[in-house]
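Notes for the one structure printed next.
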Amino acid sequence: MTIPRHPRVLSGVQPTGDLHLGNYLGALVKFTRLQHEMETFIFVADLHAITQWQDPKKLKSQVREIAAAYLASGLDPKIATIFPQSAVPEHAELAWVFNCVARLGWLDRMTQFKDKAGKHKERESVGLYTYPVLQAADILIYKATHVPVGEDQKQHLELTRDIAQKFNHDFEVPDFFPLPEAVVEGPGARIMSLRDGSSKMSKSDPSDYSRINLTDDADTILQKVRKARTDPEPLPDTLEELKARPEAQNLVGIYAALDGRTSAEVLAEFAGVGFGTFKPRLADLAVAKLSPIGEAMRRYMSDPAEIDRILAAGAARAREVAAPTLAEVKSIVGYWAG
Ligand code: AQP
């Protein structure tokens, strides 16, 4: 018999650069919606960030920037628990146990490691390889049931479920960890580069014109949308016809996600319209939605002490939930100190 679970949301973003439209539509928008529906824990993933080199002089301020983006996009610290991952050591302690539960073959299948490591995987950190194991610990230390993420994280969520299932089975504690679900839906789940409709919009893309950053001013957003790669055809009538045109499909998807509509509804309005007309409309919509967030981020960033206060309070609350789970795990595993 499966025990009904207390629904709980957990997710996070790495402080590895400017947040972009993909992070916003794939993750942040869902965080702010779900905080009204379930108990919500949102962290800044500084442990994950150092799997690739980060300047130690800048990391703390990068963490504050992500926290500012959370607050600016509507996360309310009175409702949601917002905290830095490094302030809750239980994540890393549980990750060690999970390193001993997860199998090498499972990690070998992770496509994000292959994408990030490219041809030189032997030069990457071991942390980058075991990143999804830490991610499983991030989620399961809170026994979270719902994980709002972009589509690129779906495979890692499957791994989290595999780890939870194997732990529950091997230690004979059925239902100890829940099998969490990825919350991945809508046209914002996979936003592609503005320069190449076949690769995802990403912080690490060397071209700034590939993405719209949350801190871009109105002029920059207009320029980036104007220069976005497209084809010469007008927009079609159906989603089926759009499929073969990845750049056009991406811009329609962005419009739909920003406007809270489906791509089909956007096509119903713009079928037969060329990009000369569609792009300015998209740029106006992006400016209207993103400019207030950029302004609010700047406002929050001007008061780092207030951000630190919110993060410290969030960390204390997160530890209240994480510590008892870790204590139970230590006892289940049979640690001397358990
Ligand atoms: N292009 C995207 N479309 C939709 N969602 C996306 N996410 C990332 N890119 C897109 C979602 O944003 C959340 C936070 O991501 P992260 O900070 O963990 O970094 P990432 O997944 O590695 O994304 P980036 O921004 O592309 O960084 P780099 O360039 O370092 O890889 C996640 O929920 C993710 O799904």
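The values are calculated or read from the model by the stated rules, or taken from the named source; none is laboratory data. Since we're looking at a predicted model, the values are computed, not measured. Cβ placement follows ideal geometry from the backbone for every residue including glycine, while neighbour counts extend to all protein chains displayed. When the accessible area is computed, the model is the full protein with side chains, heavy atoms only, and any ligands, DNA or RNA have been set aside. Shrake-Rupley method; radii C 1.70, N 1.55, O 1.52, S 1.80 Å.
The relative contact order of the chain, computed from alpha carbon pairs under 8 Å that lie at least 6 residues apart in sequence, is 23 percent. Out of every Cα-Cα pair that segment 208-299 contains, those further apart than 21 angstrom amount to 30 percent. Based on DSSP H segments of at least four residues, each scored -39500 (n - 2.57), the chain has a per-residue ellipticity at 222 nm of -16000 deg cm²/dmol.
In order along segment 242-252, phi translates into HN-Hα couplings of 6, 4, 7, 10, x, 5, 5, 4, 5, 5, 5 Hz, rounded to whole numbers, per the Karplus curve 6.51 cos²θ - 1.76 cosθ + 1.60 with θ = phi - 60° and x for Gly and Pro. The GluC sites (Glu not before Pro) of segment 104-188 that DSSP puts in a loop, and whose beta carbon has at most 16 other beta carbons within 10 Å, are GLU124, GLU172, GLU185. Seen from VAL321, the other residues with C-beta closer than 10 Å to its C-beta sum to a net charge of +1, counting Lys and Arg as +1 and Asp and Glu as -1.
What is the sum of charges, Lys and Arg at +1 and Asp and Glu at -1, for the other residues whose Cβ falls under 15 Å from the Cβ of VAL333?
-3
For the chain, the alpha carbon positions stretch 68, 44, 43 Å along the principal axes, listed from largest to smallest. For SER125, the accessible area of its heavy atoms, probed at 1.4 Å with every protein chain present, is near 40 square angstrom. Summing Lys and Arg as +1 and Asp and Glu as -1 over all other residues whose Cβ lies under 9 Å from the Cβ of ARG190 gives a net charge of -1. For MET192, the residues whose modelled amide H falls within less than 5 Å of its own, excluding neighbours fewer than 5 places apart on the same chain, are MET201. MET201 contributes an accessible area of around 0 Å² to the protein surface, as traced by a 1.4 Å probe with all chains present.
With the whole protein complex present, HIS169 retains an accessible surface near 140 Å², based on a 1.4 Å probe.
Between the amide H of THR40 and those of VAL9, THR81, distances stay under 5 Å, these residues lying 5 or more places away or on another chain, with hydrogens modeled in the peptide plane. For VAL273, the amide hydrogen comes within under 5 Å of the amide hydrogens of LEU235, counting only partners 5 or more places away or on other chains and with H modelled in the peptide plane.
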